[in-house]
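Here the structure comes first, spelled out in structure tokens, and everything after it is commentary.
The values are calculated or read from the model by the stated rules, or taken from the named source; none is laboratory data. Nothing here was measured: the structure is a model prediction, and the numbers come from that model. Every residue, glycine among them, receives a Cβ derived from its backbone with ideal geometry; neighbour counts consider all protein chains shown. Ligands, DNA and RNA are stripped out before the accessible areas are found, and what is left, the full protein with its side chains, is counted by its heavy atoms. Shrake-Rupley method; radii C 1.70, N 1.55, O 1.52, S 1.80 Å.
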Amino acid sequence: MKSATDFRSSNMGMQAFEAWSHQIAMLREVASLHSARMQKDQADWFHGFQEQSSRLVDRLSSVAGKDQMGKAFEEYMLDASQRGILTLDALRQRGDVFLEHEAAGAPPVLIYDYEIVVDGAKLPQPSNYILLKILAPEGIKIHDWKRPYVIVDPRAGHGAGIGGFKPDSQVGVALSDGHPVYFVAFRPVPADDQVLANVTRAEAAFLQEIRKRHPKSPKPIVIGNCQGGWATAILASTYPDLTGPVVFNGAPMSYWSGRLGQDPMRYAGGTVGGVMPALLMADLGGGLFDGANLVLNFEMLNPGRTWFRKYYDLYTDIDKEGSVERFLEFEKWWGGFYLMTGAEIRWIVENLFVGNRLARNEARLETGRSIDLKQIRAPIIVFASHGDNITPPQQALNWIVDAYADETEIRIRGQRILYMVHDDVGHLGIFVSSSVAKREHTQMASTLKTIEALPPGLYEMVIEDVFGDGKDKQFTVNFVARTMNDILALDDKRGEEAAFAAVARMSETIAEVYDVTTGPMLRSLVTQEMGEMARTLHPLRMQRQMMATNNPLMADVSGHAAKARETRSKATPDNPFLIWEGLMASMAEQSLNMIRDYRAFSTEMSFFSVFASPLSIWYGKSHGRSRTRKDPGELRALPEVLSAIERVGHGGFAEGVVRMLVLLASSRTSVRRDRLERSSEVLTSRKPFSDLEAADRTRLIHEQTLVVHFEPEGALASLPQLVTSTRDRHEAMQIVDYILGENSEMEPATLELLTKICELFELPSPQVPGKAVEAAQ
């Protein structure tokens, strides 16, 4: 017989072999995916390049004569030089805007007027956060009784204002509907010794002030953009009584998640040494971390776009009306660099970027104060996009899978989680795209009015185009019930995430060594003045400062640009040299894209070669354990479930109507928004529901949802005990009929259930296409 030691050794060897096999399989898949994508991108580019090359050859043939060729070249050179001067002048203006913006204290780039409501610097635990009230433009009336909107912008290196950057924006959508709008912004420099707990307390104080200003309105909607999303999640879980519905727009919550062969940012922690670079940069900055470093990381993510195409588009479109203005507006925000304390960036990297502790319920806001996402009581809407290479859908959604045992636990806790996945909009487009504002944000704003009438559960919000174009396009919105498997289907089994646990442990080890060696030495040597000098010399600041008017070499540019505008001469679109210019630009951009793709390929291969090895998986095992979750079968034993089941036959008219609606909703796979709106209307404006407080209505829906889920047969059979009189039964059927609409539009299962309810109430069965109430009468 084998000894225990032999068995253990054999078992460990088998596990190591399986881990090694898994690593090899992953590396092969990564190589295959990257190779296929690069080949496709190259083929697509080459196809377009061939078409343009053929066009160039045709044009050169048509101007083969010496005089014609010379005239075409002269025409092109004059056009190109004038475009160059005008582009140089636009960059000069960008430099001036940058210096003026910094001199003014880098205020938010909102296009709306605003007033400061609460200054976080004056709170007991100060921070650089401020609460702004957006002042409505002329012609828009704001109603104080409507639910306020609170928009939390990301503090990811840039300044605030991206959520109100355009008229068609999150701010614009809310204002146009008459809602009070508040904006959570921040100043460039944090308060002394500021930590993330100070920020969360400041945001809680902001919401308390808003409640005082709008006592007759429902709790405010809080919208978190990108990193403002996880900040909103922390706020809603640590102060659950302060928020109404919360929206996470492109918000990274599960940082280890993604798909093989893409999402390169998640590998950064493993390739640079975890949290150590952030600690080093903060100490070299005199205790302040420069947000320009984060912006530089974003630019390096797509150098072909940020380092070349953006400027070439400006060069080619320099004559288009508004092109320079749009460029300057965006660059004002993109180039507004903000700072964090060393403690803040360390918390963010250790708990989020590298440690992924938030989704696993291991993050602590401060000593003795853990963050549990399941404590969020308000409805949640998550907006993600397949076109987002900074926050892919997996990072935006997988926290739901990690936080809850299954979708049943979401219902048991009375939670409503809706998610929506866009097909192709990019990360910034989620916040600044006019098309997204007109469609997704408009539909979300409309949905938020009625979401609390939705039975608890997990739903996907599906927007279907019906007819019309542009601003006249009409939409149908359905809320489709989903399971955890639907979210996991967006991922590729998450088998690679164990490698990130090794990075998390490595990061902690390096940080401990740094804390007792290099860190104290640097903090004793680097002064505040040295940190300020390092920030001034940052490449992203220098490229703007050197192009400003105060540079003697740029002093005459504005005059030359004015003369170029006066004598502007454009080359014809079919000028062969203009076509040649486009070809050269395409080659330059594609070269940078190839470098980007090869870098992503080598980074991912290196990452998994090191951190997916059996030794690394063993090393990170202590940091990769998922949070302990209840078995779905144990959920019935939860106190709130037992309490609801005990009351299956107790209640009155209100309980009976809500139970009927929940039963009928459970017979369908989706809920149409028009039905949800009618349900919300009934539950908020008709007696006896209108006499209930919002919290009581929420508890009522929650309790009846538990009864229907765990005792569906008893829930149906006991309806006559709740609605006892014939008159009340007629009225209940009227309400149900109004909410459901025409019987001919119902699914067969819904109509069958409705017939059973009529039989229990001893009322005639509904007729198709008649209405239930007509049959009852």
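What the table below lists for this structure:
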| item | result |
| --- | --- |
| Qualifying positions in the stretch 268-292 - within 21 Å of the chain's Cα centre (by Cα) and modelled with pLDDT under 90 | A268, G269 |
| Given (1) in a loop (DSSP other than H, G, I, E, B); (2) small (G, A, S); (3) open to solvent by less than 10 Å² (accessible area, probe 1.4 Å), index of the condition G286 fails | (3) |
| Flag if G139 is at positive phi and in contact with a Leu (Cβ under 6 Å, 6 or more places away or on another chain) | no |
| Any hit, the stretch 301-312, residues being in contact (Cβ under 8 Å) with a residue 24 or more places away in the chain, open to solvent by 20 Å² or more (accessible area, probe 1.4 Å), touching a Phe, Trp or Tyr at 6+ places or on another chain (Cβ under 9 Å) and of a type in the set (K, R) | no |
| Pairs, first in contact (Cβ under 8 Å) with a residue 24 or more places away in the chain in the stretch 646-671, second part of a loop (DSSP other than H, G, I, E, B) and open to solvent by 30 Å² or more (accessible area, probe 1.4 Å), C-beta under 6 Å, six or more apart | V648/E711; A654/P688; R668/E747 |
| Test: residue in the stretch 726-747 that is modelled with pLDDT of 85 or more and loosely packed, with under 14 Cβ neighbours inside 10 Å | yes |
| Among the candidates V671, V648, residue that is closer than 26 Å to E762 by Cα, open to solvent by less than 60 Å² (accessible area, probe 1.4 Å) and not hydroxyl-bearing (S, T, Y) | V648 |
| Tabulated pairs, the stretch 30-42, first more than 21 Å from A588 (Cβ to Cβ) and of a type outside the set (S, T, N, Q), second open to solvent by less than 60 Å² (accessible area, probe 1.4 Å) and not in a helix (DSSP H, G or I), C-beta under 7 angstrom, 6+ apart or interchain | V30/L260; V30/G261; L33/L260; L33/G261; H34/G261 |
| Qualifying residue in the stretch 757-777 (condition: more than 20 Å from V671 (Cα to Cα), open to solvent by 30 Å² or more (accessible area, probe 1.4 Å), assigned to a helix (DSSP H, G or I) and modelled with pLDDT of 85 or more) | yes |
| The listed residue being over 37 Å from the mean Cα position of the chain (by Cα), closer than 27 Å to F337 by Cα and of a type outside the set (G, A, S), out of M554, M530, M546 | M554 |
| Selection count, the stretch 502-547, where residues are open to solvent by 50 Å² or more (accessible area, probe 1.4 Å) and of a type in the set (A, V, I, L, M, F, W, C) | 11 |
| Output for the stretch 489-501, where each listed residue is within 19 Å of F383 (Cβ to Cβ) and either open to solvent by 30 Å² or more (accessible area, probe 1.4 Å) or without any contact (Cβ under 8 Å) to a residue 60 or more places away in the chain (or both) | A489, L490 |
| Qualifying residues in the stretch 576-590 (those that are open to solvent by 60 Å² or more (accessible area, probe 1.4 Å) and either closer than 16 Å to G258 by Cβ or in contact (Cβ under 8 Å) with a residue 60 or more places away in the chain (or both)) - the one farthest from the chain's Cα centre (by Cα) | W580 |
| Whichever residue in the stretch 686-708 is in a helix (DSSP H, G or I) and open to solvent by 70 Å² or more (accessible area, probe 1.4 Å) and, among such residues, is nearest to L663 (Cα to Cα) | R699 |
| Residues satisfying the stated conditions in the stretch 261-278, i.e. closer than 19 Å to G387 by Cα and buried (at least 19 other Cβ atoms within 10 Å of the Cβ) | G261, D263, P264, M265, R266, Y267 |
| Identity of the residue in the stretch 332-390, of a type in the set (S, T, N, Q) and at pLDDT 90 or above, that ends up surrounded by the most Cβ atoms within 10 Å (Cβ to Cβ) | N356 |
| Check on P573, open to solvent by 60 Å² or more (accessible area, probe 1.4 Å) and without any contact (Cβ under 8 Å) to a residue 12 or more places away in the chain | yes |
| Helices (runs of 4 or more DSSP H) wholly inside the stretch 304-402 that include at least 1 residues being touching a Lys or Arg at 6+ places or on another chain (Cβ under 7 Å) and farther than 30 Å from M276 by Cβ | 310-316, 323-334 |
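Okay, residues lined up against (1) part of a helix (DSSP H, G or I); (2) more than 29 Å from T549 (Cβ to Cβ):
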| site | (1), (2) |
| --- | --- |
| G84 | yes, no |
| A90 | yes, no |
| Q93 | yes, no |
| I116 | no, yes |
| A121 | yes, yes |
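Matching residues to (1) within 29 Å of N297 (Cβ to Cβ); (2) touching a residue at least 60 places away in the same chain (Cβ under 8 Å); (3) over 15 Å from the mean Cα position of the chain (by Cα):
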position: Q170; (1), (2), (3): yes, yes, no
position: D193; (1), (2), (3): yes, yes, yes
position: K212; (1), (2), (3): no, no, yes
position: S217; (1), (2), (3): no, yes, yes
position: I223; (1), (2), (3): yes, yes, no
position: P252; (1), (2), (3): yes, yes, no
position: Y255; (1), (2), (3): yes, yes, no
position: L260; (1), (2), (3): yes, yes, yes
